[in-house]
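Structure record follows, encoded as structure tokens.
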Amino acid sequence: MNNQRSFFFNVDWVTVFIYFALCVIGWFNIHSAVFDERHPSIIDGATNYGKQFTFIIVSVIVGGIILLLESRFITALAPIFYVGTLLLLMLVLVIGHRVGGNQAWINLGGGFRLQPAEFAKFSTCLILARYLSGPNIKVSEIKSFAIALAIIGVPMFLILLQPDMGSTLVFISLVFVLYREGLSPYFLIIGFLFIALFVSAILFSPLAVIGVIIAIVALIILLFRRNKRLVTTLLAGLAICVVFVLSVKFIYNSVLKPHQKVRIDIVLGIKSDLKGKGYNVNQSKIAIGSGKLWGKGYLHGTQTKYSFVPEQSTDFIFCTVGEEWGFAGSVTVIGLYLFLVLRIIMLAERQRSPFSRIYGYGVASIIFFHVMINVGMTIGIVPVIGIPLPFISYGGSSLISFTLLLFVLLKLDSNRMGIV
């Protein structure tokens, strides 16, 4: 009895409350986004909002089961979860159902589909935490770093074959886990540098970009010419940057798909396509802006009601929040996410075991990336890549996978004092 009571008090109920709040917010906004007067009940199983209610119930049951399991059971099964999701990612390439150009779903019957890519995020976090928490593993060493990248890269490659660019990019967020565990910050700086070079090479002439880089490197060499090691490193870096800038046009024109290029052009302001590829984002911004301070009220959003924004119950669900709840509602939702991510980081930092800490940072990284990109694409500051808003967007695979991510961390945290 004492152990059960201690377990109850050691569960972080603040995080559980935020989880329920976001699920309920999502459920009501899905109801508003796809409201059907023939099925007004919010729990009508014939509608998406009725199905979302079922997904919430299933997710809560899954979360409850996780809290009752032993943490050692979860840790031991990490490799099985990882291999299992890799097999599902291979299977979906053979028998998968194609939606919106992506072969990413497996039909389960009864109108329900499974998206393996969503569960791959959970299993990758688990196996990455297990590997990095092993003895004599240091991310700063080349071998350990390479294996960690392989763990992240294999599911990324399989998801890219679907091809689902949005879900693929989510895995990049796990680099922050590696950074927390000892990866040099120079890797992050180099990453941001190459992003800046990529954008610059698209906006300006590659030769002009190369000229600026050469000028900057020449100035640094002039100031530190006596440091031969620095000069050698700068010259090697200059060569790499020149090759990269010259290859950007090839990547942009030959690797990226036409719709991906158009979305990047729209975000960078190179072109405006309000009736084509830019239609979703333009209507999204109109919907959010029309909500003003307090919003138009529940079920009273005109952009929502007349379906001006496609995918409004999934990728663009934040439009409904902005239109019907206004700026105040939008800030509240973003505030909940911010508090959730900070809470997860706090939980991660107070863990006694490296496995739990690393896993916690994986959860925080994935949720933060999803929120930042999803909200960013609805207001037009990042390209549209099609990823759900955690706990709010419609979808069973998404909700259950995020529930797994979060509740496994809650279970690990509840056992941090050695209570089973």
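The values are calculated or read from the model by the stated rules, or taken from the named source; none is laboratory data. Please read these numbers as outputs of a predicted model, since none were measured by experiment. Cβ sites come from the backbone with ideal geometry, for glycine too, and all protein chains shown count toward neighbours. The protein model used for the area step is the full one, side chains on, heavy atoms only, and it has no ligands, DNA or RNA in it. Shrake-Rupley method; radii C 1.70, N 1.55, O 1.52, S 1.80 Å.
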Conditions (1) open to solvent by less than 80 Å² (accessible area, probe 1.4 Å); (2) free of Cβ contacts under 8 Å to residues at least 12 places away in the same chain; (3) hydrophobic (A, V, I, L, M, F, W, C): number failed by residue 223:
(1)
Residues to consider are 420, 333, 375; find the one that is modelled with pLDDT under 95 and in the same structural domain as residue 57 (by TED's automatic domain parsing).
375
Residue check, residue 118 against (1) of a type in the set (Asp, Glu); (2) closer than 30 Å to residue 157 by Cβ; (3) open to solvent by 60 Å² or more (accessible area, probe 1.4 Å), all met but one. Which one?
(3)
By residue number, the members of the range 362-418 that are part of a helix (DSSP H, G or I) and among the small types (Gly, Ala, Ser) are 362, 364, 365, 376, 396, 397, 398, 401, 414
Within the set of pairs 6 or more residues apart or between chains, which connect a residue that is at positive phi inside the range 358-383 to a residue that is part of a helix (DSSP H, G or I) and open to solvent by less than 10 Å² (accessible area, probe 1.4 Å) with Cβ atoms less than 6 Å apart?
none
Restricting the range 334-359 to residues that are open to solvent by less than 50 Å² (accessible area, probe 1.4 Å) and among the hydrophobic types (A, V, I, L, M, F, W, C), the residue that is farthest from residue 319 (Cα to Cα):
355
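At least 3 residues that are within 27 Å of residue 315 (Cα to Cα) and at pLDDT 90 or above in each: list the helices (runs of 4 or more DSSP H) lying fully within the range 57-160 that qualify.
Correct list: 78-95, 116-132, 142-160.
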Could you tell me which of the residues 240, 317 is at pLDDT 85 or above, in the same structural domain as residue 393 (by TED's automatic domain parsing) and either under 30 Å from residue 31 (Cα atoms) or open to solvent by 90 Å² or more (accessible area, probe 1.4 Å) (or both)?
317
Meets criteria (open to solvent by 80 Å² or more (accessible area, probe 1.4 Å), closer than 27 Å to residue 10 by Cα and either touching a residue at least 40 places away in the same chain (Cβ under 8 Å) or in contact with a Gly (Cβ under 6 Å, 6 or more places away or on another chain) (or both)) for residue 72:
no
Residue tally, condition hydroxyl-bearing (Ser, Thr, Tyr), assigned to a helix (DSSP H, G or I) and crowded, with 20+ Cβ neighbours inside 10 Å, over the range 46-56
1
Subset of the range 194-213 (residues that are in a helix (DSSP H, G or I) and either aromatic (Phe, Trp, Tyr) or open to solvent by 80 Å² or more (accessible area, probe 1.4 Å) (or both))
194, 195, 198, 207, 212
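Does residue 26 meet the test of being open to solvent by less than 40 Å² (accessible area, probe 1.4 Å) and either in contact with a His (Cβ under 7 Å, 6 or more places away or on another chain) or in contact (Cβ under 8 Å) with a residue 12 or more places away in the chain (or both)?
Answer is yes for this residue.
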